[in-house]
Each structure stands twice: as C-alpha cells, then as structure tokens.
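Input: a single structure, listed below in structure tokens.
The values are calculated or read from the model by the stated rules, or taken from the named source; none is laboratory data. Quick caveat: nothing in here was measured; it's all calculated off a predicted structure. Here the Cβ positions follow ideal geometry from the backbone for every residue, glycine too, while neighbour counts run over all protein chains shown. SASA here: full protein model, heavy atoms, side chains in, ligands and nucleic acids out. Shrake-Rupley method; radii C 1.70, N 1.55, O 1.52, S 1.80 Å.
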Amino acid sequence: MADINCLLRRIPKVDEVLRTPGIEGLTGVYPRDMVVEAVRKTLDEIRQDIIEGCLGEGEPDGWTDPDVVRDRVVSAVERMARPNLRRVINATGVVLHTNLGRAVLCPAAIEAVHMAASGYSNLELDLETGKRGSRYAPVEGILARLTGAESSLVVNNNAAAVLLALNTLARGREVIVSRGQLVEIGGSFRVPEVMEQSGAILREVGSTNKTYPDDYRRAVNERTALLLHVHTSNYRIVGFTRETRVEELASLGRETGIPVMCDLGSGSLLAMEQLGLPHEPTVQQTVAAGADVVTFSGDKLLGGPQAGIILGRKDLLDRMKKNPLTRALRIDKMTVAALEATLREYLDLKSAVQNIPALRMIGAGRENLRDRAGALSLLLKEAAGDRAEISMEREHSAVGGGALPIADLPGWLVAVKPAALTVEELAARLRKGNPAVMGRIMDGRLCFDVRTLLKDEEIILAGAFATALGRE
Ligand SMILES: *Cc1c(COP(=O)(O)O)cnc(C)c1O
C-alpha cells in the first residue's frame, strides 16, 4: 500500500502538466478548456492505472514519467477534437447495415446534397410563378412517373410514414391486420406500438401462419378505417402458410369502401430478379395491385437517403398533407436533394443498377467478388508479414436493413487469423482506428467481405490492418 501512495504522490498537478513544453503549445491549436479537460482525464486515468496495476501486481514504472504523461495528454486531446461521427469501412458484407448508416448515396445524390447544403435553393419556391411552392414538388412528378401513384408525400422515415398514415386515416377507429404481420423492425418499430401511438385501434385477425381474405371480411364493421398489409421484412414464415395478397385485400376494400394500406418496408423500384435475387413485389406492382396507400423507406433497397415515402390516392394523401404531424415529420432540403437525384437514376434502370451503390453491391457477381477478394488478400498478406495468416473463402453476405432476410448473396471473404493477438483484440483495434474498419468474426477469424467495400477502400483497409498489427 505504501508503494501505491508513493506512486500516487508522484502524479503531477494539472497546472504543472499544462506548463510542460509539449502541452503548453496545444492550447494554441485546441481550445484551452479542451486541453485542461484532457489533462484532468489523463491524470485520473493514470491514478486508476496505478491503483489497479499495483493491486494486480502490474508494472508501475513509467506511469508518471513526464514524456509518457505528455504523450497520453496529446492523444487524449486528439481524440476529443476529432469528429464523433466518422468514416467506417464496412467489411461486414451487410449492404444495408443500419448501425453503419444503411445505404451509401449515389454520386449524383452526393452532388445534389452538396448543392443544397452550400447555397440557397428553391426548396419552397416555385421559380415559374415566384409564389410559394412545396418542398415535395421536386420528387412528386418523378414518383408518379416511376410508380404510377396518383399522389405522394415524403417524411422523415418509414416509421414516420406509417405513423402519419395511421394517425390521419384511422385515429380512434379500427385497423385490421393479420397476426402474421405484427412485426418488430429493430430499434423499437413495432406495428402494435406504432398503431397505439397513432391513436388507431389494432384489430388482429387470422393466425401467425395463415390469414385468409375471409378473416378480414369478418372483422369489418362500422368502426373499420383501414385494411393494413405489412411486409414481414426481416423474417419469413415458411411451411404451411397463407398470406392474403394485396390484390385480395384491394378487392375487399373496393367491396366495403375501406382503404387498403401497404407498409412495404424496403420497397424496391427494381425487380430483385434483375440482381439475381428471389422475387419481391416492387412498389409499382403494389400500387398496381390496388393498394390505396403504400409506404416504404428511402434508405433500404431504394438506396437513397433516410426518408419515408408515402404514395397513393390523392384524396387520402391530401388529408395527410393537412395533418399537423406532417410539419413535425418533414424532410430537410438535403434529403429532398438526395432523394430527387436517387429517383432520377431509376428513370433508366440500367443506370440505377450501375450508379446506386446498394444495388451494385447486391448485384455484384461471384466472379467479380472473387477477383476483388484475391486482390485484398494479397494486400493484407503484404500488410501482415508474419503477424497474421490470411486465407480466402466462399461465403454468403446479407442484404440487411430488414430486407430480404432469406436471400443469401453468394460471395467471397478474406479471413484473417492474427498470430499474437486474439481476433477480438484485432477487431477492437480496427474498430477504434481511423478510419474505423468493421469486419465480422467467424470461427475464430476476422473476416472481411469485399462486397461492401467502396472504391479504393481495399488499400485503406490494408493500411489500417497493418497499423492494428503494429506494423507501419
Ligand atoms: C424498415 C421498416 C420500417 C421502418 O422503416 P424506417 O425507414 O427504418 O423508419 C417499417 N416497416 C417495415 C415493414 C420495415 O421493413
């Protein structure tokens, strides 16, 4: 114990540290408060290290050495000064990774965001008439052309779209939904809870695996406001199943005069078959099937910015536009810009597949992925020297974002087994690096999936890998 006290007494005072040469200069570069805070934090950490180190019979030497203290303060200030939201290299293979920001925007969308952010724009001004315009106008025409829908509205995200639609069309009244579609989509979007928040009353029908048109029909009464179909985005019920199709609901809707709403979740404008994936009803098909309202996300399979797109019958959309909630859920100018540019790519589907990163990644062919994995594995071998074993493997990646849960995308990985570190330790170092790198741990190895790497990221990844292994 005497030992600890003696070491603790050697910890310098905050003022002393601030006066040391290498640190005094920092106040010219960073705000003084930040430097002071970094010194305090570092000294606290040193105190903690000494206490823990001594108790755990660690190596106490050098903790209070002025050079060591200075280096720790400098790196603490640098950490505090760098942005909290940082670039991450996504080598997980999950294309629409919600934790990593879902869809990467296409170049045209990035350019449009830059335009909207760096100057004034006609966001709510009609340049023809000089009168006040709608911020939704830039996308309304394109959405109508692409989907055949009569009217549209865009809000903050699809959760907001569902909330707004239910609140407008069914507050205080009943919404009929199949028990098989009461989904939870990560991050607390649960159909029953959104329903409650919207003020609508959930009327469950059918069973988990089977719901027939007659189940809906029997539940219809004078309080019914809506027939709701929810895409079971992130799971599938397989085996002995029967889902009532949107066409069937639409026919019941026409018969009873009750509107039909379809929450498509991901909502693609492109037939997934074109990317070699199983069939998914597209937005256009859902509109054509007779849904009166369709909602979907902007940053899932569409590959655009975070947004919730609502399409459908003009009279219903007009009611939504008048709902005060719409003002609270409205999108900002950068979203309008990015969404318009993304939607424009779909006017030519070939260009959409080439230019929209999410579609390009999902559609990447196995041969192409093998070549890229081969190139990455060479770079990693060079970066690692004898500090890690590198191998290539056939594997599957996932679309993610709650989209196409059973579609496995066949591809290739580069697997790494470090010699002197655990894989967890290597993964943590890469995660904390700059830029951060996220891979996935499988069978005691850290794997990098080339599908989700962007142009030139292989080189950056190899550099980060070398640093994490202690090689420069
Ligand atoms: C993803 C999803 C949502 C939520 O969409 P966000 O854009 O993330 O708010 C709602 N419903 C379904 C069916 C989904 O798949």
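Kirkwood radius, the stretch 255-394, all distinct C-alpha pairs, inverse of mean reciprocal distance: 18.1 Å. Using C-alpha pairs below 8 Å separated by at least 6 residues, the relative contact order for the chain is 19 percent. Shape index of the stretch 210-326: Rg/Rh, with Rg the Cα radius of gyration and Rh the Kirkwood radius from the inverse mean 1/r over Cα pairs, equals 0.98.
With Cβ to Cβ distances under 13 Å as the rule, what net charge do the other residues near Gly385 carry (K, R +1; D, E -1)? Once positives and negatives cancel, what remains is -1. From the P(r) of the chain, could you give the percentage of C-alpha pairs in the tail past 42 Å? Roughly 34 percent, rounded to a whole number. A Cα-only calculation for the stretch 2-81 places Rg and Dmax at 12.8, 40 Å. Taking Thr27, Thr244 and ordering them by how much accessible surface each has at a 1.4 Å probe, largest first, produces Thr27, Thr244. Computed packing ranks the peptides 369-379, 81-91, 147-157 as 147-157, 369-379, 81-91, most packed first, by mean other Cβ atoms within 10 Å.
Go ahead and estimate [θ] at 222 nm for the chain from helices alone: -39,500 (n - 2.57) per DSSP H run with n ≥ 4, summed, over the residue count, rounded to 500. After summing the helix terms and dividing by the residues of the chain, the value is -13000 deg cm²/dmol.
Across the stretch 105-355, how many lysine pairs, 8 or more positions apart or on different chains, have C-alpha atoms separated by under 30 Å? Please give the number. Lysine pair count for the stretch 105-355: 15.
At the residue level, Arg190 shows approximately 100 square angstrom of accessible surface with a 1.4 angstrom probe and all protein chains present.
A simple packing score, the average count of other Cβ atoms within 10 Å per residue, orders the peptides 252-262, 127-137 as 252-262, 127-137, with the highest score first. Considering only beta bridges that DSSP places wholly inside the chain, some 60 percent are antiparallel. Restricting attention to the stretch 105-355, close to 45% of DSSP beta bridges with both partner residues there are antiparallel. Judged by the mean number of other Cβ atoms found within 10 Å, the most tightly packed of the peptides 107-120, 353-366 leads the ranking 353-366, 107-120.
For Lys381, the lysines whose Cα falls under 23 Å of its own Cα, not counting residues fewer than eight places away in the same chain, are Lys417, Lys432, Lys455. Taking one quarter of the surface of the convex hull spanned by the alpha-carbon atoms of the stretch 431-472 gives a direction-averaged projected area of 3.2 nm².
Note on Asp44 and Ala420: with the Förster distance fixed at 25 Å, the Cβ-Cβ geometry gives a FRET efficiency of about 0.25.
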